[in-house]
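Encoded as structure tokens, the structure appears first; notes follow it.
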Amino acid sequence: MELNEFLIEIDKVCLVEQERMKQKQRNGDYFNVFNMLGLWSDEIRLHSAFLAELLNPNGSHGLKDALLKEFLAAIGLNKDYISNCKTNIVERYIGERTESTGGRIDIILEDGEHAVIIENKIYAIDQHHQLLRYNNYGKQHFPKGFKLIYLTLDGHEASKDSLGDNEIDYHCISYKGHILNWLSKCVMLAYDKPLVRETISQYITLIKQITGQDMNKDSSDKIVDLAINNMEAVVALMDTRAEISSKLR
């Protein structure tokens, strides 16, 4: 397929997707309280706070520890790893920052013996020795075991500057995969709690938007198939991407 024909086929898929989006607009499917309040990228006031509330067995969702247990399973832990969760704190202050200690932990789940320490990254860059400091905190306060989690949009690894020179056992998870899958289970668990269910559903919509998953899967699959079957055309576009970007600007 020639490049021009390839672009025409892509355009057809885009037109179908645009019509779908217009229909969603007419149906009010884009009504989202998080976007309206301008919180969509706020790591602390929205994302960490919202996740922490869902994970809190004493949270206002009324589902006790059901959501916490599903989360523990989603990150590869036994559902009873954290039992009788004593604290669920956003932005826990752990002392003045030094090269190896201190700072603020985004989310920490603990029962006095075990802990899950979560560093939540939406768009912010890693701080100097950040995971090193949190890892040292876990070693000092939870000798029976803790799990250090690095949460990002796509599940990428932490920077070397965050880790320091030591080997650190940490686990990467993503909003795109782990969190969306867990939230889908949360919606099912909240089937009889409409306010909780619909709020989580709106948050899912937001996560799909910021992780680039709001395109209809059929449309996305068609574009992928077209690209795979027309690699020469794709390569030609990639080779001229700088020129295209420059002209668009």
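Do we find a residue being part of a loop (DSSP other than H, G, I, E, B) and among the small types (G, A, S) anywhere in the stretch 165-183? No. Close contacts from the stretch 120-132, counting a first residue that is farther than 18 Å from I173 by Cβ and a second that is in a loop (DSSP other than H, G, I, E, B) and not acidic (D, E), with Cβ to Cβ under 8 Å and a gap of 6+ residues or different chains, come to I125/S159; Q127/G103; H129/S100; H129/G164; L132/S100; L132/G164; L132/N166; L132/I168.
Which of the residues that make up the stretch 173-186 are more than 18 Å from P57 (Cβ to Cβ) and open to solvent by less than 30 Å² (accessible area, probe 1.4 Å)? Walk me through how you get there before you give the answer.
Within the stretch 173-186, the subset more than 18 Å from P57 (Cβ to Cβ) is 173-181, 184.
Within the stretch 173-186, I173, S174, Y175, G177, I179, L180 meet the criteria.
Can you work out which of the residues in the stretch 144-164 that are outside any helix (DSSP H, G or I) and among the hydroxyl-bearing types (S, T, Y) is most open to solvent (accessible area, probe 1.4 Å)? The extreme case among them is S159.
For (1) assigned to a helix (DSSP H, G or I); (2) of a type in the set (G, A, S); (3) exposed (fewer than 11 other Cβ atoms within 10 Å of the Cβ); (4) modelled with pLDDT of 80 or more, each residue gets a yes or a no:
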| residue | (1), (2), (3), (4) |
| --- | --- |
| I8 | yes, no, no, yes |
| R20 | yes, no, no, no |
| Q23 | yes, no, yes, yes |
| G38 | no, yes, yes, yes |
| I44 | yes, no, no, yes |
| A49 | yes, yes, no, yes |
| E53 | yes, no, no, yes |
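Has the stretch 210-227 got at least one residue that is in a helix (DSSP H, G or I), open to solvent by less than 70 Å² (accessible area, probe 1.4 Å) and modelled with pLDDT of 80 or more? Checked against the condition, which is being in a helix (DSSP H, G or I), open to solvent by less than 70 Å² (accessible area, probe 1.4 Å) and modelled with pLDDT of 80 or more, the stretch 210-227 yields at least one hit.
The values are calculated or read from the model by the stated rules, or taken from the named source; none is laboratory data. None of these values were measured; they are calculated from a predicted model. Here Cβ is always computed from backbone atoms with ideal geometry, including for glycine, and neighbour counts include all displayed protein chains. Side chains included, ligands, DNA and RNA excluded: accessible areas come from the protein's heavy atoms. Shrake-Rupley method; radii C 1.70, N 1.55, O 1.52, S 1.80 Å.
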